[in-house]
Amino acid sequence: MTLFHLLVSYYDDLRAIVIARAAMFYQPWHSPEGILTLGQDRATSENTNNKTLKGLLNRGLMVTYERNRSNELFCNMVRSYINVQFNALYELSRIRNAYGMDWRGPYAGPHAHAQVAALDTIVAALGVCDI
């Protein structure tokens, strides 16, 4: 690998970290407790891209985590963030094997976009856990 490719890779990773941090701390997307609220500004039955973006954000954070394992501070931040999302999803917005759209709870019925976001978040939580 050439020096140019190493520098491009380094700056791509750095840019990804900056974007990830901005997304994790962007207040309009989060409740005061830090739970993602993307897509909850519309009716629950309305399928909008924002509703599945919650899961995609978590999965993207997992990928950035994997690419930057040597950055311990960043990895701890991502792990904590995804754990908050997973715990909210699992504890506050679930009935048996169905997940709700509002991760702050309570469960308000199954919707396809809620299940997709939940699966992405579960995969992300598994990707950053220490097992």
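The values are calculated or read from the model by the stated rules, or taken from the named source; none is laboratory data. Remember, it's a predicted structure, so these values are computed and weren't measured experimentally. We place every Cβ from the backbone using ideal geometry, glycine too, and count neighbours over all the protein chains shown. The protein model used for the area step is the full one, side chains on, heavy atoms only, and it has no ligands, DNA or RNA in it. Shrake-Rupley method; radii C 1.70, N 1.55, O 1.52, S 1.80 Å.
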Fill in the blank from the handout: A correct Kirkwood calculation over the Cα atoms of the chain returns a hydrodynamic radius in Å of 15.3
Practice task
List the residues whose amide H sits under 5 Å from the amide H of His30, counting only those 5 or more places along or on another chain, with H placed 1.01 Å from N in the peptide plane.
Solution key: Thr37
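Using a 10 angstrom Cβ neighbour count of at most 11 plus a DSSP loop assignment to flag exposed trypsin sites (Lys or Arg not before Pro), which longest range of the chain is free of such sites? All intermediate terms of the calculation are to be shown ahead of the outcome.
Values: sites that count: Arg69, Arg96.
By the stated rule (loop sites, at most 11 other Cβ atoms within 10 Å), 1-68.
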Fill in the blank from the handout: In whole Hz, the Karplus estimates of ³J(HN,Hα) for the stretch 55-63 (6.51, -1.76, 1.60; θ = phi - 60°; x where Gly or Pro) are x, 5, 4, 5, 5, x, 5, 4, 5
Handout entry: Per-pair calculated FRET efficiency, R0 = 35 Å: Tyr10 and Tyr107 via Cβ, rounded to 0.05
Key = 0.20
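Using a 1.4 Å probe, what is the accessible area per residue for the chain, in Å²? Walk me through the numbers before you get to the answer.
Values: 7840 Å² over 131 residues.
I get 60 Å² per residue for the chain.
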Completion exercise
Between Arg94 and residues 5 or more places away or on another chain, the pairs with built amide H atoms under 5 Å apart involve Gly100, Tyr107
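Looking at the calculated P(r) for the stretch 70-131, what percent of the C-alpha pair distances fall above 16 Å?
Working: 829 of 1891 pairs.
When every Cα pair of the stretch 70-131 is considered, 44 percent fall beyond 16 Å.
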Exercise for the section: Positive end of the charge dipole of the chain (Lys, Arg +1 and Asp, Glu -1 on Cβ, about the Cα centre): tell me which of Tyr26, Ala16, Gln115 has its Cα farthest that way. Expected result: Gln115
